[in-house]
Amino acid sequence: MPLLTIATLLPLVAGLGLMALPARSNGMAHAVSISATGATFLLALAIWARGTDPGGFAQLEEAAWIPAIGAAWRLGVDGLSLPLVLLTGLLFFLSAIYSVRITERPATYVVLMLLLETASLGTFMALDGLLFYVFFEVSLVGMYFMIAGWGHEDRQRAALMFFLYTLLGSLPLLLAIIGLYLGSGTFDMRAWTQAPPLTGPAAMLALVAMLFTFAVKTPVLPFHTWLPAAHVQAPTAGSVILAGVMLKFGTYGLVRFSFEMLPDAFAAAAPAVLAFGVVSAIYGALAALAQSDLKKMIAYTSVNHMGYVVIGVAVAALATGPLVRATALDGATLQMVSHGVVTGALFFLVGMLQDRAHSRAMGDFGGLLGRVPWLGWGFIVAAFASLGLPGLAHFPAEFQIFLATFGTRPWGTVALVGIVVTAALYLRAIAAVFLGPANDRWAAMPDLDRHERLVIGLLLALIVLIGVMPGVMLDMIHRTMSGLVG
């Protein structure tokens, strides 16, 4: 059974089916959304159960698409893509559950979310360069309309900024893909990784194009300016998907394309990439510390945490021993997953707070822990995970990244300053919002309902599971990474 194809196309087919219905009630739209995303998540679990191949891609599915140029429907998974497929399936399912509160044009909202899920899964599973680019670009459409249609007060500007930045940023990637095709005569990404088709100046030009695209998408300083506005103005589910899934397009591409397909050029550029990662990690934490808007604060912490991923990938290219290289890539990949889970939980929680208070300003609150304990303790646990507390999701990922960095380029560990600053900003937020004297303005604020408890409870359980038993993910990741660098 072609599970990868079914999982990729199921959300799109469900969305098209919803559009074809002559009458679409709110309840019907959300039922389709939850059913489709839930079935897709179960398919992702089934793909996980089938496993990966340490020697390369597994569960390959291929069909002719444009034979004249060698483009095909090619899908496969390995220890890099499969964890992100699982993350995508989970976050879209939880976003669908949370979004039952959407009453304004719910059918259109659901169709856009399902289109976005297909594009996201296709991006992570595509093994054809042209197919990858199609999925990569289609994702922009769904997120643009989600921000513009269901965002907050300045949503039109934020949506336009997001679309223009990411569209223009992705055009160099198309040129690099064309260059890889001309150098190999195929769009098969497996061939590009097994025998890199570009060398010398051509490889460096292609790498610069790729790095520009992935720097915008990740994002790293100074290509991050679209991110805070997009996160702040997006609806809650949009922020979760953007941070939890779509930012990973950039770091996934950094490994899959830059590291694997242009290894010599990337190794030459790795010191500069490492520097960008270090600066982004520190800047993101300091910028987050300066915020009074909770959502904007979490948005800037994404710049910080994705900077650690960039550091890990760069160190993997600079290190000489296969064990150190694999450790860096293991940590970078696990950080992608843990960031999606932790930051997704934080955006859900801030969205739930905003639904009740219609405010995101820390100064408007105080003493909420006694009034809304589910929301308060959920935020505290997720915040402690984000600041890297041992036993929670970020710690095993960041430990491996900095362990490999210290043994390869010790100066890169200056990014540890970001962890200290992150601890300070989250402790400040917890004190301002949930501790101290209670504000009587929120005396009647309700705690999380059963749908919200389900969403947050699953994410918090996964945060603890990854922190305590990282091998659940790391065993799968390491099989691929050790083969990649061996």
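The values are calculated or read from the model by the stated rules, or taken from the named source; none is laboratory data. This structure is a prediction, so every number in the text was calculated from the model and none was measured. Cβ atoms come from the backbone with ideal geometry, glycine included; neighbour counts cover every protein chain shown.
Observations
- Checking each residue in the stretch 50-80 for being surrounded by fewer than 16 Cβ atoms within 10 Å (Cβ to Cβ) and of a type in the set (Val, Ile, Thr) picks out 66, 69.
- Yes/no for residue 35 being surrounded by fewer than 20 Cβ atoms within 10 Å (Cβ to Cβ) and free of Cβ contacts under 8 Å to residues at least 12 places away in the same chain: no
- Qualifying residue in the stretch 34-49 (condition: among the polar types (S, T, N, Q) and touching a Phe, Trp or Tyr at 6+ places or on another chain (Cβ under 9 Å)): yes
- For first residues located in the stretch 324-337 and over 7 Å from residue 400 (Cα atoms), partners that are of a type in the set (Lys, Arg) and in a helix (DSSP H, G or I) and lie 6+ apart or on another chain with Cβ distances below 9 Å form the pairs 336/248; 337/248.
- Of the candidates 474, 459, 484, 387, the single residue that is modelled with pLDDT of 95 or more and surrounded by 18 or more Cβ atoms within 10 Å (Cβ to Cβ) is 459.
- In the stretch 272-289, residue surrounded by the fewest Cβ atoms within 10 Å (Cβ to Cβ) [restricted to those that are touching a residue at least 60 places away in the same chain (Cβ under 8 Å) and touching a Leu at 6+ places or on another chain (Cβ under 6 Å)]: 289
- Condition check for residue 94: crowded, with 18+ Cβ neighbours inside 10 Å, of a type in the set (A, V, I, L, M) and touching a residue at least 60 places away in the same chain (Cβ under 8 Å): yes
- Meets criteria (more than 30 Å from residue 449 (Cα to Cα), in contact (Cβ under 8 Å) with a residue 60 or more places away in the chain and assigned to a helix (DSSP H, G or I)) for residue 307: yes
- Here 303, 341, 310 are screened, and the one residue that is of a type in the set (A, V, I, L, M, F, W, C), at pLDDT 95 or above and under 27 Å from residue 411 (Cα atoms) is 310.
- Taking the stretch 422-440 as the range and being among the hydrophobic types (A, V, I, L, M, F, W, C), in a helix (DSSP H, G or I) and surrounded by fewer than 21 Cβ atoms within 10 Å (Cβ to Cβ) as the test, the residues that pass are 423, 424, 427, 430, 431, 432.
- Residue count for the stretch 100-132, restricted to those that are surrounded by fewer than 24 Cβ atoms within 10 Å (Cβ to Cβ), in a helix (DSSP H, G or I) and more than 17 Å from the chain's Cα centre (by Cα): 9.
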